[in-house]
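Worksheet: the structure to be examined is printed underneath.
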Amino acid sequence: MTQCIAFSNVNVIDGLGGVIHSATVIVDGASIESITPGDSGALPDDVQVIDGNGGWLMPGLINCHDHLCNKWLRTTPAGDYTTGRLSRFHQSPAAHALEAAGNAAEELRQGVTTVR
């Protein structure tokens, strides 16, 4: 059984170019159950309420072009692309998987929840 969470007093970016001000968003597990403008009224006792203090709530970002195992250009010295390019071919499959996991975690910290 999942726990319901209500985010109250938040401004919601709806992903369609609009904003719902002072809303209450109820989330059950991984699903958004409702978005209600203004005060949500009475909530069930088993709902955890988090006061957003007028902050912003938005859907996760989608990165439509990423190479999770190919971030070597970020770490090589300027102009030294050969070293980075060749060194990644000498990595084991496990090292590639660890690199991808670390880069995916960094994407998540930046608000990206889907990578294509």
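The values are calculated or read from the model by the stated rules, or taken from the named source; none is laboratory data. Bear in mind that the values here come from a model prediction, so they are computed numbers and not experimental data. Note that we place each Cβ from the backbone using ideal geometry, even for glycine, and neighbour counts take in every protein chain shown.
Test residue 64 against the stated conditions and say whether it is at pLDDT 90 or above and not acidic (Asp, Glu).
yes
Find the residue count for the range 1-32, including only residues that are without any contact (Cβ under 8 Å) to a residue 12 or more places away in the chain and either surrounded by 15 or more Cβ atoms within 10 Å (Cβ to Cβ) or part of a strand (DSSP E or B) (or both).
Result for the range 1-32: 3.
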